[in-house]
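Here's the structure, in structure tokens; my notes come after.
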């Protein structure tokens, strides 16, 4: 919605014009009443009041925090914005488009913050970049590629899309080689990276010779000894070969 149509009581509490303003269809969490969601980077302000009330109840979320997850859930007939584990808000079709733009800006904010602190997440960033490199063995527009990306976002990043976007940005900047050379890993971290490489390439049900060569090469770059490499390789291959049980 246009911020100039916000209730005056809310406008008086804002520090300048908001980046985005949304009006919910009803109150938060399915309640009756009216609700508004205001994004002023990096804050997300939530206002709600029941019918007949004069004043709005207000809550605030710091979108830069690691646990500030925001998700837009859509189906054919309705849209719902989930804000952390505490709030949800129904949206009209017009507000749904605005919500998608707002989420994109929040993800960009969180991605940049993660890039600024990438040293803290160095082993995980390295894994994301290696998996992204493996993903490029496929046609970028293939359905298999979308399956692999979903695995990285959901399985590796725990659904934290900005974390994936930060790793992807580092990969596009050509940081993979430097991270391989400068990231100190213990043997468990090395085995973890190898296991997830194998899991990724087997998501599409195939394990091509090209993929095998790339993984063997990464094993050498990571300094994984042959017996450790073979142990992880055999376990993951056996795990994904269910035909052994038929």
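The values are calculated or read from the model by the stated rules, or taken from the named source; none is laboratory data. Keep in mind the model is a prediction, meaning the values are calculated, not measured. All Cβ positions, glycine included, derive from the backbone under ideal geometry; neighbour counts span all protein chains shown.
Here are a few things to note about the model shown:
- Every residue from region 67-89 that is free of Cβ contacts under 8 Å to residues at least 60 places away in the same chain and under 14 Å from the mean Cα position of the chain (by Cα): 67, 68, 70, 71, 72, 84
- Of all the criteria given as (1) surrounded by fewer than 15 Cβ atoms within 10 Å (Cβ to Cβ); (2) within 13 Å of the chain's Cα centre (by Cα), the one not satisfied by residue 178 is (2).
- Only one of 207, 229 that is touching a helix residue (DSSP H, G or I) at 6+ places or on another chain (Cβ under 7 Å) and not in a helix (DSSP H, G or I): 207
- Residue within region 46-61 that is at negative phi, surrounded by 15 or more Cβ atoms within 10 Å (Cβ to Cβ) and within 20 Å of the chain's Cα centre (by Cα) present: yes
- Considering (1) touching a helix residue (DSSP H, G or I) at 6+ places or on another chain (Cβ under 6 Å); (2) modelled with pLDDT of 85 or more, the lone condition that residue 138 does not fulfil carries the number (2).
- In the condition set (1) under 25 Å from the mean Cα position of the chain (by Cα); (2) farther than 30 Å from residue 167 by Cα; (3) at pLDDT 90 or above, residue 94 is compliant with all but (3).
- Residue within region 13-26 that is assigned to a helix (DSSP H, G or I), exposed (fewer than 13 other Cβ atoms within 10 Å of the Cβ) and on the phi > 0 side of the Ramachandran plot present: no
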